[in-house]
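For reference, the structure is listed below as structure tokens.
The values are calculated or read from the model by the stated rules, or taken from the named source; none is laboratory data. Computed from a predicted model, the values in this text were never measured in an experiment. Reconstructed Cβ throughout: ideal geometry from the backbone, glycine too, with neighbour counts over all protein chains shown. Just so you know, the surface numbers come from the protein's heavy atoms only, side chains and all, with ligands and any DNA or RNA stripped out. Shrake-Rupley method; radii C 1.70, N 1.55, O 1.52, S 1.80 Å.
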Amino acid sequence: MTAKERAQRTAREADALRAGEAAAAGLKEALARVGIVIPSLNGGFPVNGNGRVELGGCNAGVATRLAEVLNAAADALPELRATTQ
């Protein structure tokens with residue numbers, strides 16, 4: 001791999017890392033709007049050039065609340081529903 005190729009790869013990985021961090025921040029903000037906090041939610045290191053979000057763990061109450069919010073959103077906005085289950 002040439003120096004130029006390494007630099008391009010490093011730039012792509014940095015972009016993917018920033019994308020994961022931005023996605024995690026957006027998810028934290030959206031969850032906070034409905035009173036949900038997942039302390040271990042963070043951007044993760046890219047995998048295969050894609051940004052990642054590490055959701056981590058949460059207690060059963062938080063998971064239940066998250067499920068309630070997602071179900072309410074799916075009920076209110078049918079276009080959000082998955083076509084297969």
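One table, with the values for the structure above:
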read-out	value
Flag if Ala23 is over 14 Å from the mean Cα position of the chain (by Cα) and assigned to a helix (DSSP H, G or I)	no
Filtered residues of the stretch 42-64 (kept if among the hydrophobic types (A, V, I, L, M, F, W, C), open to solvent by less than 90 Å² (accessible area, probe 1.4 Å) and closer than 25 Å to Gln8 by Cα)	Val47, Val53
Residues of the stretch 68-77 satisfying the condition of being open to solvent by 50 Å² or more (accessible area, probe 1.4 Å) and not acidic (Asp, Glu)	Leu70, Asn71, Ala72, Ala76, Leu77
Ala11 vs. criteria modelled with pLDDT of 90 or more and either exposed (fewer than 11 other Cβ atoms within 10 Å of the Cβ) or touching a strand residue (DSSP E or B) at 6+ places or on another chain (Cβ under 6 Å) (or both)	yes
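Table: residues versus (1) in a helix (DSSP H, G or I); (2) touching a Lys or Arg at 6+ places or on another chain (Cβ under 8 Å); (3) open to solvent by less than 60 Å² (accessible area, probe 1.4 Å).
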position	(1), (2), (3)
Ala19	yes, no, yes
Ala30	yes, no, yes
Ser40	no, no, yes
Leu66	yes, no, yes
Glu79	yes, no, no
